[in-house]
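What follows is calculated from the coordinates using simple rules that are stated; it is not laboratory data. Quick caveat, the model's predicted, so the values are computed rather than measured. Using ideal geometry, Cβ is built from the backbone for each residue, glycine included, and neighbour counts are taken over all protein chains shown.
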Amino acid sequence: MQITEIFNKSLEIRNSLKSQNDFKENPIDINLLPVLPFRITNKIKLIVLGQDPTVKNVKSRESIEYTLNLDKAGSLKAYISSICSSIGISFENIYATNVFKYFYTHPPERTICVLHSHLPANLELLKEELAAYPKVPIIALGLPVLQLLAGENAQVRDFWSYNSKTRKCDNNFTFCQAKDNKLERDIYPFPHQPSIRKEFYGKNLNNYLEYLKNKQF
């Protein structure tokens, strides 16, 4: 799909949901346009999947044009760049997009019922969007997007072989298989950028990246 087509379909979905199935606890914000997927070239080797662009700082939302703000320097771009470097690809080889490309009034992590209600139309668009890259591995950033697609019991740390007794990694890494999630694509769960500072993820990031590299590259 062309970026303009994705944008237009996202706009149609947003407006339709706003008029037919909006929620008082967290309405869709129609004052801001949907955020575009981030792509530099057509040589895509990694897909980065986020949930939605609704950051806490309301004023900051006005400056967001591309998914995850990856067109701008910052800690998140540095995080994604380090992932790319570790698996042997260029930052220019990524395609980043959100499940929900429009904004909500509040960050919807605490109003997950809204997201579940709005998921079908957005998921259909996402599948169509990513169909252009059928063999490209997908990493999902953060627990909320993983649970949205794979169920509320899904935990990023479980795919990173977390042992609840020792609170350490057993080095038996896995990924969320296509049959186990609504996107119907294999997904490699990653913590979002702030959570990578947690001791467990910080210690095991390089090992999970090596696992991803060996599986896909």
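May I ask you to sort Val156, Val58 by Cβ crowding, counting other Cβ atoms within 10 Å and putting the fewest first?
Val58, Val156
Give the lysines reachable from Lys72 as a straight Cα distance under 20 Å; neighbours fewer than 8 places away on the same chain don't count.
Lys56, Lys59, Lys101
Can you give the Rg and Dmax of the range 47-118 based on its C-alpha atoms, in angstrom?
13.6, 38
Using Cβ counts within 10 Å as a stand-in for footprinting exposure, how do Thr111, Thr174 rank, fewest first?
Numbers: Thr111 17, Thr174 12.
Ordered by Cβ neighbours within 10 Å, fewest first: Thr174, Thr111.
Which lysines does Lys168 reach when only Cα atoms under 16 Å apart count, and residues fewer than 8 places away in its own chain are ignored?
Lys198, Lys203
What distance in nm separates the simple spin-label points at Lys24 and Asn153, each placed 7 Å from Cα in the Cβ direction?
3.4 nm
If neighbour count is taken as other Cβ atoms inside 10 Å, put Lys72, Lys18 in order from fewest to most.
In order of increasing Cβ crowding within 10 Å: Lys72, Lys18.
Working out 0.36 nm times the residue gap between Cys113 and Asn57, then minus their Cα-Cα distance, what length gain in nm do you get to one decimal?
Taking 0.36 nm per residue and subtracting the Cα distance, the gain is 17.9 nm.
In nm, what is the difference between 0.36 nm times the number of residues separating Thr41 and Asn207 and their Cα-Cα distance?
Details: separation 166, 0.36 × 166 = 59.76 nm, distance 2.83 nm.
Using 0.36 nm per residue and subtracting the Cα-Cα distance, I get 56.9 nm.
Taking each pair of different alpha-carbon atoms in the range 1-137 once, compute 1/r for the pair, average those values, and report the inverse of that mean as the Kirkwood hydrodynamic radius in Å to one decimal. Kindly include the intermediate steps, with their values, before the conclusion.
Working: mean 1/r = 0.0645 Å⁻¹.
Hydrodynamic radius (Kirkwood, Cα only) of the range 1-137 equals 15.5 Å.
So who's got an amide H within less than 5 Å of the one on Phe103, skipping anything under 5 residues away but keeping other chains? H placed 1.01 Å off N, in plane.
Amide H to amide H, under 5 Å and 5 or more residues apart or across chains, Phe103 pairs with Asp29.
Would you mind calculating the relative contact order of the range 1-89 from Cα pairs under 8 angstrom and at least 6 residues apart, reporting the percent as a whole number?
24 percent
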